[in-house]
1. Taking the alpha-carbon distance from B:LYS171 and a cut-off under 17 Å, which aspartates and glutamates remain once sequence neighbours fewer than 8 residues away in the same chain are dropped?
2. Arranged from highest to lowest average of other beta-carbon atoms within 10 Å per residue, in what order do the peptides B:240-253, B:156-169, B:715-728, B:217-230 appear?
3. At a 1.4 Å probe, what is the % contribution of carbon and sulfur to the accessible area of the stretch B:373-518?
4. Please give the average number of partner chain Cβ atoms lying within 10 Å of the Cβ of each residue in A:61-68, rounded to a whole number.
5. Can you tell me, using C-alpha contacts under 8 Å and at least 6 residues apart, the relative contact order of chain A as a whole percent?
6. For the stretch B:271-320 and the stretch A:82-100, what is the separation of their Cα centres, given in Å?
7. From Cα pairs below 8 angstrom and at least 6 apart in sequence, can you work out the relative contact order of chain B, rounded to a whole percent?
8. How large is Rg/Rh for the stretch A:2-98, to two decimals, with Cα atoms and a Kirkwood Rh?
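The values are calculated or read from the model by the stated rules, or taken from the named source; none is laboratory data. Small disclaimer: the values here were computed from a predicted structure and weren't measured. When we count neighbours, we look across all protein chains shown, and the Cβ atoms used for this are built from the backbone with ideal geometry, even at glycine. Note: accessible area is taken over every heavy atom of the protein model, side chains too, but ligands, DNA and RNA are not part of it. Shrake-Rupley method; radii C 1.70, N 1.55, O 1.52, S 1.80 Å.
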Amino acid sequence: MIVDVLTWLQQPGLSHFLIVSAIVFALGLYAILTRKNAIMVLMGIELILNAANINFLAFSRYSTHSLDGHIVALFVIILAAAEVAIGLAIVLNIVQNFNTANVDEIDRLKE
Amino acid sequence: MTPDTLILLSLFVWFLPLGNFVLLIFFHRRIPRNGDWIATSVVFGTLVLASIILVSKFMLYQADIIQTNVRWIDFKVLHGGSPLGVELGILIDNVAAIMLTVVTLVSALVHLFSIGYMRGDVRYGRYFAYLGLFTFSMQGIVLTNNFFLLYVAWELVGLSSYLLIGHWFEKQSASDAAKKAFVVNRFGDVGMFLGILILYATFHSFRFDVVFNGIRSGIFPGGSEPWLTIAGVLIFCGAIGKSAQFPLHVWLPDAMEGPTPVSALIHAATMVAAGVYMVTRTFAMMTGDALLVIAYTGAFTAFLAATIAVVQTDIKKVLAYSTVSQLGYMIMGLGVGAYTAGFFHLTTHAMFKAGLFLGAGSVIHAMHYALHHQGDHHTDPQDIRTMGGLKEKMPITFWTFFIYTLAISGVPFTSGFLSKDEILAGTWAFAQLTGHTLIPIVAFSVAGLTAFYMFRLLILTFLGNHADDNRIQYIHESPHVMTIPLIVFATLSFFIFYSFNPFSAAGGWFAQLVKPPDFVVPSAMAATSPALFAETVHNVHLPAMLLSILVAGLGILGAFTTYYWKKIDANALAQKLAPIYKVLLNKWYIDEIYEYVVVNGTKRVSTILAWIDNTIVDGIVNGVAKLTVILTHGVRHTWTTRSIPALLYIVASALLSLYLGWEAMLTTLPETSSPMTVIQSGIVGVVVSALSFFLFYGGVGGFDAKIVDGLVNFVATLSGVLGLLLRRIQTGKVQTYILWALIGVVVLFIWFR
């Protein structure tokens, strides 16, 4: 049993990357669902995006062996950067207006 | 001791400090004494390992180059060329083994010194963590066998330097200095990056040996030989930034805002020497022209910084400019072809300059304590005009400082004499071979200036009478953790550790280990071959040595007559040479030139770009919007207020719909027609014309109000009703919504499985 696991670990294949990606995705989702702080939620979103990136790269490596996955992943990174810039700006404004970054307390659209 | 074992050991030397960083940055609050003992003992451990590597390299594998490679990224074959990839690896040759030991030695002693110097600091644990990060990064530069890792480690030392200069970031000047160091280094690094890209595009590898072999076999970047010079000079740009050469030297004096042990480790002994080390690494691929650029850059920097150091009054600033000057010396040495001498000076300079900075740290520590006891918060504890007479109170600091000063001034029987003498002989030989006589003239005058300003510093700080009689009683010698590193560095400043002959390093172990590599560039472009150069150096060695002793003696004599015996009044001299004095005091106005050209230039370009954005780009967007508003206003106006245009509109739409109905009737009418079909198509025509009239005329009023609005209102009402229903699950908590969405996705997954 242990020997099987060890040999499996020594020969990285597609499933290894997918497992890592699934773990990262689950962690990101967990962060989004459980954290009260808006910044933590944003970090969870980042984790999810990166999980997707890992998938893109892994599938591109183990299917066509082209650079398509890399290109998409680069796009995702750029979009993630833009998203964080806007997200943090929104959080800053929220903190100034509501005096909290707790997502549960921000439930009024008009103030 | 197989080569593999050496590689394994070097990996330990490399990564243990990183372990320090990770451990301390996360857990320093939970470890007793913030973990300084862990960091220091680990770095001393790496010192032992590095010495083992050096000794076994010296004993067993003197002529071998130990190398190992890992293929990190494999791009396979792209666009029909040769396979592309990135290889990472470790290279231990004699230069790397020596440098490894130097870095670990200085790092270990600076760790020890910091325990005393930084005691009670607000971010004590974090400080040691950053020291670990720096040591790790620096070892990366030393051990790498390719440009890729070199660049990565290069940026990492820049980062750790930034973090440590800004250690006391509450002080505006410290955070400014950190930013300045980072930004100024970027300028040089861009050049280095371009150089690396040129080489990678040509040779498809980052490895030093692959690139050198490629050049040797006659492949040139861009297919032409001048590109080789360009690539060499671009790579040297990195060294201009990191080793603080003119014109990017401006960050190093400001970097003195960091803690003094950091100045000793990073800004005197190791990181700033990384540029010199990099030039030794790439020495073989430098063409004669590139080396000439390097030599003149180094010579000018050495002269510029030495002249500025003469008039500085801050103890650390004098040492900073002295460092810039000595780095220029090393770069000049490499540029003229004195490869061994340049690297030798790096090693000896690392010892005595680290010692000088730690000695300055010891003085500042004592001054700080004394000023604190006096309740004086205005006097600058680093200003040498407020010192003097510290010799009796701080004997160990004084005597070690004295030895370092002798070494940096190039007095016989010190390590500095050996290395400086070799460089001076090298410049002389270079002038004989190529006719560039300016370089040895500058080199010898800088040697004299160095002796002058270093002894000025020593005399003003330690000799004579103290500036304040009350303060001197509070001055006391620093604790043992601070004096022991001083003593070790002072011991290592004697000639005996480098060569048994006090007047020539040529027979010592150092010269035996470090031999200039043969140039790989075609002989027509290369500088003088190492063999011929060595022979010329041998011929001029004796006169160069005598002359260097003479200028050093003159410098020391000048310092004593001016500042100790006061035969010459320094202030009167400054008055008499006011224009020159002013230029020197303002550091040749280089910061001002940067302020005017770079900073203001950027601001001016930004103003222009902002104007273009605000006026032209926004103008187009706003213009389109305004045009639309004007057009719509016109139509609405016509429709509501004027009846004649409205009537015209009705008539026009009626005519248009009649025409449309006529066309529709004709097109639906077949060639062979029965009365029935004529009636049918007539009906179609009437329907079409009625419908189109309704649309044209009523479309704006009736149809729009009744049918379109009705549909919209219906949807609104429907969603209102649905909203009322769904309101029950709308809690206003974002995360509940996400949970619902997740459940929905899971349901869909199960559904479509």
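1. Answer for B:LYS171, where 17 Å is the Cα cut-off: B:ASP121, B:ASP254, B:GLU257, B:ASP380, listed by chain and number.
2. Values: B:240-253: 25.3, B:156-169: 21.2, B:715-728: 9.9, B:217-230: 14.8.
Listed from highest to lowest mean packing, they are B:240-253, B:156-169, B:217-230, B:715-728.
3. Result for the stretch B:373-518: 63 percent of the exposed heavy-atom area is carbon or sulfur.
4. Working: counts 0, 0, 0, 0, 1, 2, 3, 0.
Partner Cβ neighbours, averaged per residue: 1.
5. Details: 92 pairs, mean separation 27.3, N = 111.
25 percent.
6. If you average the Cα positions of each part, the centres end up 47 Å apart.
7. Values: 1093 pairs, mean separation 76.4, N = 753.
Answer for chain B is 10 percent.
8. Numbers: Rg = 16.9 Å, Rh = 15.1 Å.
Checking Rg against Rh, the ratio lands at 1.12.
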